[in-house]
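For reference, the structure is listed below as structure tokens.
The values are calculated or read from the model by the stated rules, or taken from the named source; none is laboratory data. Here the structure is a predicted model, which means the values were calculated and not measured. Reconstructed Cβ throughout: ideal geometry from the backbone, glycine too, with neighbour counts over all protein chains shown. Accessible surface is based on the protein model in full, side chains and every heavy atom, while ligands, DNA and RNA are left aside. Shrake-Rupley method; radii C 1.70, N 1.55, O 1.52, S 1.80 Å.
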Amino acid sequence: MQGICVPILCVCICVTVLLRSAISQPRSESDTYTECTDGYHWDPQTEHCKDINECETIPDACKGEMKCFNHYGGYLCLPRSTSLIPAPEPPITPAEPLNPCPLGYEPQGNSCVDIDECERHEHDCQPSQECINSVGAFTCQCPDGYRKVGTECIDIDECRYRYCQHRCVNVPGSFSCQCEPGFQLAGNNRSCIDVNECEMGAPCSQRCYNTYGTFLCRCDQGYELGPDGFECKDIDECSYSSYLCQYQCVNEPGKFSCVCPEGYRLLGTRMCQDINECETGEHACTETQNCVNIHGRYQCVDKNSCQEPYIQVSDNRCVCPVSNPACRELPFSIVHRYMSITSERSVPSDIFQIQATSVSARAYNTFRIRSGDENGDFYIRQINNISAMLVLARAVSGPREYTLDLEMVSINPLVNYQNNYQTSSALRLSIYVGPYTF
């Protein structure tokens, strides 16, 4: 062993160089072995590979001010000022007796037997290598995951060979495969298979749908997905439109419902229908009263609604006797009728038709509102000689009540051609305006 000292910036760096004249090479089963690694050549006399002195065989191996120094399996270019410190010479050992057996064998009696260099530690394998004895030689084997380059064991980068489907992580002497999020390693530790997150506790609050490599959260009807993509929050359908319900919309978890005011019931899911308390019996009218159904409620009216000087002659009909002087300026008869309309009804709107029940021959009839329309909310449109239409002229809001006396005046010139005999009859119409538009 010799030493080479290289002074650089006043610091002496010692480089240890191992010089050998030969190196044992593993033999094959063939009789001759003539292949050597780079930097060596086959010596047929010693049947060994010997180091090549590149400083002698390569012209101008080192350029400039560098000097060539032969090295084990190669050479070094060092400054010419480098001084060599020779290593101590190994002790001279007595020459061993001549071995008549081939290399790798030793005599045993009259025959040659294989030398187990591994057992005798007569090998040059590195500490990380395993010595394996063979017939007449030995080999130095690297651990799994390493490959031999020269005398060294170099880690094999298995990731270069794409063993893994997704990601490969090289580690000394081995490798490991990793999968992208949403996947997991298959049984072969190389392939990646999809993970069903829905079966592994995905954070979806309602519905979970597994997809390749990931999952999706979905919501039930009436809910919408929140910004985090996991939680479902209720949709307030009532805030989107005021036309979902005829009266009032009530938001509920995942849905909405419509409610109706008192006196109404839900028709279908959104419309409100008036309850006819008079038909269902849900009223408190007495036997002397008639039940009149109106929008949202009912009204109890007396069966005998005739007032002096009128007398009742039939249901809802009163007459004023001609023999009574107080009846001269009053309609001969009054018929009571009742009706109900909704608030904010579109106008003009026909709401009630007046029809004469008995007409004298040649009589000329006119219709008018005798009383009850002080604000001019109604007017009469005559259709023909025996009928007319009561028209709502202005939109009205309830709850409100009108009592209109609608009069039909008849003039019959045949009865008295000079004074044009005139009679009249009235229809007392009670109009109840409901509180709502339905």
Is it the case, given these coordinates, that Cys327 is within 27 Å of Gly434 (Cα to Cα) and either surrounded by 15 or more Cβ atoms within 10 Å (Cβ to Cβ) or among the basic types (Lys, Arg) (or both)? no
Condition (residue is at pLDDT 90 or above, in a loop (DSSP other than H, G, I, E, B) and charged (D, E, K, R)) applied to the range 95-116: is it met by at least one residue? yes
Selection from the range 126-162 of residues that are open to solvent by 50 Å² or more (accessible area, probe 1.4 Å), closer than 25 Å to Ser176 by Cα and not acidic (Asp, Glu): Ser128, Gln141, Pro143, Tyr146, Arg147, Lys148, Val149, Ile154, Arg160, Tyr161, Arg162
Could you please find all residues in the range 173-205 being hydrophobic (A, V, I, L, M, F, W, C) and open to solvent by 80 Å² or more (accessible area, probe 1.4 Å)? Met200
Return the residue satisfying two criteria in turn: it lies in the range 238-258 and is in a strand (DSSP E or B) and of a type in the set (A, V, I, L, M, F, W, C), and of such residues it is surrounded by the fewest Cβ atoms within 10 Å (Cβ to Cβ). Val250
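Per-residue answers, yes or no, for (1) within 20 Å of Pro102 (Cβ to Cβ); (2) surrounded by 14 or more Cβ atoms within 10 Å (Cβ to Cβ); (3) under 60 Å from the mean Cα position of the chain (by Cα); (4) at pLDDT below 85:
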| position | (1), (2), (3), (4) |
| --- | --- |
| Met1 | no, no, no, yes |
| Cys14 | no, no, no, yes |
| Ile23 | yes, yes, no, yes |
| Tyr33 | yes, yes, no, yes |
| His41 | no, no, no, no |
| Lys50 | yes, yes, no, no |
| Lys67 | no, yes, no, no |
| His71 | no, yes, no, yes |
Pull out all pairs, ordered by first then second residue, where Cβ-Cβ is under 6 Å, the residues are six or more apart or on different chains, the first lies in the range 173-199 and is among the charged types (D, E, K, R), and the second is in a loop (DSSP other than H, G, I, E, B). Glu180/His166; Arg190/Tyr163; Arg190/Cys164; Asp194/Tyr212
Just a yes or no: is a residue in the range 323-337 over 30 Å from Pro413 (Cα atoms) and at pLDDT 95 or above? yes
Considering only residues that are in contact with a Cys (Cβ under 7 Å, 6 or more places away or on another chain) and touching a residue at least 24 places away in the same chain (Cβ under 8 Å), which ones fall in the range 203-214? Cys204, Ser205, Gln206
Of everything in the range 308-322, what is open to solvent by 30 Å² or more (accessible area, probe 1.4 Å) and farther than 15 Å from Thr403 by Cα? Give them in sequence order. Glu308, Ile311, Gln312, Val313, Ser314, Asp315, Arg317, Pro321, Val322
Between residues in the range 374-399 that are in contact (Cβ under 8 Å) with a residue 24 or more places away in the chain and more than 30 Å from Ala361 (Cα to Cα) and residues that are of a type in the set (Lys, Arg) and open to solvent by 40 Å² or more (accessible area, probe 1.4 Å), which pairs lie under 6 Å by C-beta distance while being six or more apart or on different chains? Asp377/Arg394
Within the range 280-288, can one find any residue that is surrounded by 13 or more Cβ atoms within 10 Å (Cβ to Cβ) and either farther than 29 Å from Gln221 by Cα or of a type in the set (Val, Ile, Thr) (or both)? yes
Subset of the range 289-323 (residues that are of a type in the set (S, T, N, Q) and in a strand (DSSP E or B)): Gln289, Asn290, Asn293, Gln299, Gln312, Ser314
Scan Arg428, Arg362 and give me the residue that is basic (Lys, Arg) and under 21 Å from Ile294 (Cβ atoms). Arg428
Which condition number does Cys208 fail, the rest of (1) part of a strand (DSSP E or B); (2) closer than 30 Å to Cys168 by Cα; (3) open to solvent by less than 60 Å² (accessible area, probe 1.4 Å) being met? (2)
